[in-house]
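Undergrad: If you scroll down you'll find the structure; I have some questions about it.
The values are calculated or read from the model by the stated rules, or taken from the named source; none is laboratory data. Because the structure is a prediction, the values reported are computed rather than measured. Counting neighbours? That spans all protein chains shown, and the Cβs are built from the backbone with ideal geometry, glycine included. These accessible areas exclude ligands, DNA and RNA; they are computed on the full protein's heavy atoms, side chains included. Shrake-Rupley method; radii C 1.70, N 1.55, O 1.52, S 1.80 Å.
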Amino acid sequence: MTLTELAAVPLTRDGISGVSLDDASQLGEALAARDAKAFTVLALAAADQGHAIDPALLEQGAELLPDHGTLLLVCERVQGVAEPLLAAVRQRRLDPVTAACALRIAGRTHPAEAARLARGMLRRALPADCEDLLVTLADEVADADLKTVVQREGVPLPPKDMPLVLATLAKLGEGRVADHLPEVAPLAVQSGFTVQHDAKPPGRNDACPCGSGKKYKKCCLGKPAAGPATWSPERLGALAGHELARLSDVPEDLWPTWITELLRKLELDRAVELLLTLDLDPSLAVSARASCAFADRTDLLERLGVGDTDPLAARLRVATDRFTVLEEAARSDQLVDLAYGALDGGAPGLAVHLLRGLLPMGDAKQGPSFLADLLEARDQIGLDPVDPIESHLSQLPAWKKADKKRRVSTEDRMRQELQAVRAELVRLRKEKKTEVVQEVVQVVREGADPKELEALKRALADEKARHKLVHEERNALRRELKALAEEAEEAVEETAEAPLEPDVEEEELFEAGPQPLRIPAFDLAFTKAVAERPDHVQRAAIELVGRLAAGRGEAWHNARPLRGMKEIWRVRLGRSYRMIFLPSEDSLRMIDLVHRQDLERRIKQLWRQSAGSV
């Protein structure tokens, strides 16, 4: 069968079963032509008939499959598919839900790499379905760093019916492919053209339908009728990447937009082909080199050629002496370009340190962006998901202000979501109540048919289950809103803190070098105090204990001995809490965790206990 004939096959049980294949060799042809429908039909038919599919074809072919269900039907029956799927997710070729399903498949054989990519995805805005799949992935691969990102990003727990969803997805890998396909193809939605309806033509003295306000005879009478929809930047932007790659009739004035959309959607082969054959603005070639560097396509960079004025990432990808390239770029004193050039040029470890240097210089708008890219770079190379500089940034005035604004904005957004859920619940109650009453009245009038009564009972049970889920969602939003309100209340407390010790003791701040390693021990008062604090305070407290016990200088920098009790120390924990501890030569006894307003009272208690023991 030709690709044209394959593209006409419906994605139904009989349609796929009716495709006869000797092997899966035509998949490469469909992939080269970027024919999504033909590729999908071939992949489903090959998987259904047990033919071996080259897993390398799925690195760029996975995005041609229409949805995550089709991806699971095909990839669950292909050996060695993990690395191509990881590459597709790494290059962001898949939609979020499909990418999450791909990571679940790859995580069985490559759990560490799947967890690193999941960390990067969770730091971005995702649909709820995608977040649910990634949270369950964290449990399946048992990756502690991925679980830390889930907690830090505030990702909600999956709904209670998530095991049923996972079981449904798992069944897609069982039996024949055709058995999972519908018997009848769903209705297709056509777009990309203008539908013209037959209508009575206006009279000569009627208002012109073009909206000019003139009479028809003095405006559009005699002019040719409007033709089919023309190309526009908006129409190009609405097309998928593989649809853009197959175009050939784009007007010349839209060539730059066409190339830009191809680069944005990582259709790099087609974009480079057009750049080498068409006479276009040289700036497009510069953008193409940056995109090819991001996707690690050195073959396309060699076709385009890379010069000294091209983006640093592109020069790093093709350089034989990368150190010299970096040294020359560093002498330009453009730290932002250097950091992002290293990040996109295959040196994420170096980018971590460069972005860390940018953070104190960033304002309230740039800083969070730098931090997000820094954390994503750490995710790429599998470093700890928490960067040490975050504890220092929280003390900067600009970051305090931005954090307060973010908390208030998040609280407002969640309040709006809660109100929308409430309004939808009220509407559904009224709507469903009316429907049920009408059905009951009809059954009573016509006589109680057992089948109809049974159907009504099932509908009522389904409605109760759905209302229960809506209630659970609303309650979860309420709990999150309450937690955010508590955090916001702490954030708006006065930022200026009166010194708790005389100024002379400011000179006693610990300024020595690295401390020795100490084994932490926890008093009952400390354990109880930590357990009573919010989750984010608990996490910060445990992290600080670890840094103090490890002898980290940045943790000890904010520590000082208590007044009148030089052997007992305190250290700041954020803006509102103080940790009291007793360091010795080889141990670190954690005494208590108190709010700063209660610190003086706790110091007096410790002083009285010390005096009484003497």
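Undergrad: Looking at the range 117-130, which of its residues are over 15 Å from residue 72 (Cβ atoms) and open to solvent by 40 Å² or more (accessible area, probe 1.4 Å)? Spell out the reasoning first.
TA: Start the filter on the range 117-130 by keeping residues that are over 15 Å from residue 72 (Cβ atoms), which leaves 117-128.
Answer for the range 117-130, where residues must be over 15 Å from residue 72 (Cβ atoms) and open to solvent by 40 Å² or more (accessible area, probe 1.4 Å): 123, 124, 125, 127, 128.
Undergrad: State whether one or more residues within the range 249-270 are among the aromatic types (Phe, Trp, Tyr) and either open to solvent by 60 Å² or more (accessible area, probe 1.4 Å) or under 30 Å from residue 384 (Cα atoms) (or both).
TA: No, there is no match, as no residue in the range 249-270 is among the aromatic types (Phe, Trp, Tyr) and either open to solvent by 60 Å² or more (accessible area, probe 1.4 Å) or under 30 Å from residue 384 (Cα atoms) (or both).
Undergrad: What are the residues in the range 263-292 that are modelled with pLDDT of 85 or more, more than 19 Å from residue 311 (Cα to Cα) and under 23 Å from the mean Cα position of the chain (by Cα), if any?
TA: 267
Each row is one residue, and each column tells you yes or no for (1) of a type in the set (Ser, Thr, Tyr); (2) closer than 27 Å to residue 142 by Cβ; (3) assigned to a helix (DSSP H, G or I).
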position: 45; (1), (2), (3): no, no, yes
position: 80; (1), (2), (3): no, yes, no
position: 88; (1), (2), (3): no, yes, yes
position: 100; (1), (2), (3): no, yes, yes
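Undergrad: Moving on to the next point. Does residue 310 count as surrounded by fewer than 20 Cβ atoms within 10 Å (Cβ to Cβ), in contact with a Lys or Arg (Cβ under 6 Å, 6 or more places away or on another chain), in contact (Cβ under 8 Å) with a residue 24 or more places away in the chain and closer than 19 Å to residue 287 by Cα?
TA: Criteria met by residue 310.
Undergrad: I would also like to ask the following. Which residue pairs have Cβ atoms under 8 Å apart, sit 6 or more places apart or on different chains, and have a first residue in the range 456-472 that is in contact (Cβ under 8 Å) with a residue 12 or more places away in the chain and more than 14 Å from residue 424 (Cα to Cα) and a second that is assigned to a helix (DSSP H, G or I) and open to solvent by less than 40 Å² (accessible area, probe 1.4 Å)?
TA: Sorted first by the residue in the range 456-472, then by its partner, the pairs are 456/443.
Undergrad: While we're looking at this one, here's another question. Report yes if residue 283 is assigned to a helix (DSSP H, G or I), polar (S, T, N, Q) and exposed (fewer than 12 other Cβ atoms within 10 Å of the Cβ), otherwise no.
TA: When the stated conditions are applied, residue 283 passes them.
Undergrad: Can you name the number of the only condition in (1) among the acidic types (Asp, Glu); (2) under 16 Å from residue 10 (Cβ atoms); (3) under 24 Å from the mean Cα position of the chain (by Cα) that residue 48 fails?
TA: For residue 48, the failing item is (3).
Undergrad: State the number of residues belonging to the range 349-362 that are open to solvent by less than 20 Å² (accessible area, probe 1.4 Å) and either touching a Lys or Arg at 6+ places or on another chain (Cβ under 9 Å) or not small (Gly, Ala, Ser) (or both).
TA: Residues that pass the stated criteria total 4.
Undergrad: Go through the range 8-36 and report how many residues are in a helix (DSSP H, G or I) and either more than 33 Å from the chain's Cα centre (by Cα) or buried (at least 17 other Cβ atoms within 10 Å of the Cβ) (or both). Step through it out loud before you land on a result.
TA: Applying the first criterion (in a helix (DSSP H, G or I)) to the range 8-36 yields 13-17, 26-32, 36.
The next check asks that each one be either more than 33 Å from the chain's Cα centre (by Cα) or buried (at least 17 other Cβ atoms within 10 Å of the Cβ) (or both); those that pass are 13-17, 26-27, 30-31, 36.
Here the count works out to 10.
Undergrad: While we're on this one: Quick one: how many residues across the range 162-181 are open to solvent by 60 Å² or more (accessible area, probe 1.4 Å) and in a loop (DSSP other than H, G, I, E, B)?
TA: Here the count works out to 3.
Undergrad: May I ask you to list the residues in the range 105-116 that are open to solvent by less than 30 Å² (accessible area, probe 1.4 Å) and part of a helix (DSSP H, G or I)?
TA: Within the range 105-116, 105, 106, 114, 115 qualify.
Undergrad: Where the second residue is part of a helix (DSSP H, G or I) and the first is more than 14 Å from residue 313 (Cβ to Cβ) and lies in the range 326-340, which pairs have Cβ atoms under 7 Å and are six or more apart or on separate chains?
TA: If the second residue must be part of a helix (DSSP H, G or I), the pairs left are 330/338; 335/354; 335/357; 335/358.
Undergrad: Right, another one. Somewhere in the range 82-102, is a residue in contact (Cβ under 8 Å) with a residue 12 or more places away in the chain, surrounded by 15 or more Cβ atoms within 10 Å (Cβ to Cβ), charged (D, E, K, R) and closer than 24 Å to residue 480 by Cα?
TA: For the range 82-102, residues in contact (Cβ under 8 Å) with a residue 12 or more places away in the chain, surrounded by 15 or more Cβ atoms within 10 Å (Cβ to Cβ), charged (D, E, K, R) and closer than 24 Å to residue 480 by Cα: absent.
Undergrad: Right, residue 369: under 28 Å from residue 87 (Cβ atoms) and surrounded by fewer than 13 Cβ atoms within 10 Å (Cβ to Cβ) or not?
TA: Yes; evaluated as a whole, the condition is true for this residue.
Undergrad: To continue, here is another question. So residue 292 passes all but one of these: (1) surrounded by fewer than 20 Cβ atoms within 10 Å (Cβ to Cβ); (2) part of a helix (DSSP H, G or I). Which condition number does it fail?
TA: In the conditions (1) surrounded by fewer than 20 Cβ atoms within 10 Å (Cβ to Cβ); (2) part of a helix (DSSP H, G or I), residue 292 misses (1) alone.
Undergrad: I'd like to check which helices (runs of 4 or more DSSP H) are fully inside the range 518-614 and have at least 2 residues that are open to solvent by 60 Å² or more (accessible area, probe 1.4 Å).
TA: 524-531, 535-550, 599-613
Undergrad: Somewhere in the range 314-321, is a residue farther than 25 Å from residue 348 by Cα, open to solvent by less than 50 Å² (accessible area, probe 1.4 Å) and free of Cβ contacts under 8 Å to residues at least 40 places away in the same chain?
TA: The answer is no; no qualifying residue exists.
Undergrad: For residues that are part of a helix (DSSP H, G or I) and of a type in the set (Val, Ile, Thr), tally how many sit in the range 303-328. Spell out the reasoning first.
TA: Filtering the range 303-328 down to residues part of a helix (DSSP H, G or I) leaves 303-304, 312-318, 322-328.
If we keep only those that are of a type in the set (Val, Ile, Thr) as well, we get 318, 324-325.
The total comes to 3.
Undergrad: From the list 455, 465, 461, pick out the single residue that is at pLDDT 55 or above, open to solvent by less than 50 Å² (accessible area, probe 1.4 Å), among the hydrophobic types (A, V, I, L, M, F, W, C) and part of a helix (DSSP H, G or I).
TA: Working: 465 fails: open to solvent by less than 50 Å² (accessible area, probe 1.4 Å); 461 fails: open to solvent by less than 50 Å² (accessible area, probe 1.4 Å).
After ruling out the rest, the residue left standing is 455.
Undergrad: Quick one: residue 144 ticks every box in (1) open to solvent by less than 30 Å² (accessible area, probe 1.4 Å); (2) among the aliphatic types (A, V, I, L, M); (3) at pLDDT 85 or above bar one, so which box is it?
TA: With (1) open to solvent by less than 30 Å² (accessible area, probe 1.4 Å); (2) among the aliphatic types (A, V, I, L, M); (3) at pLDDT 85 or above applied to residue 144, the lone miss is (1).
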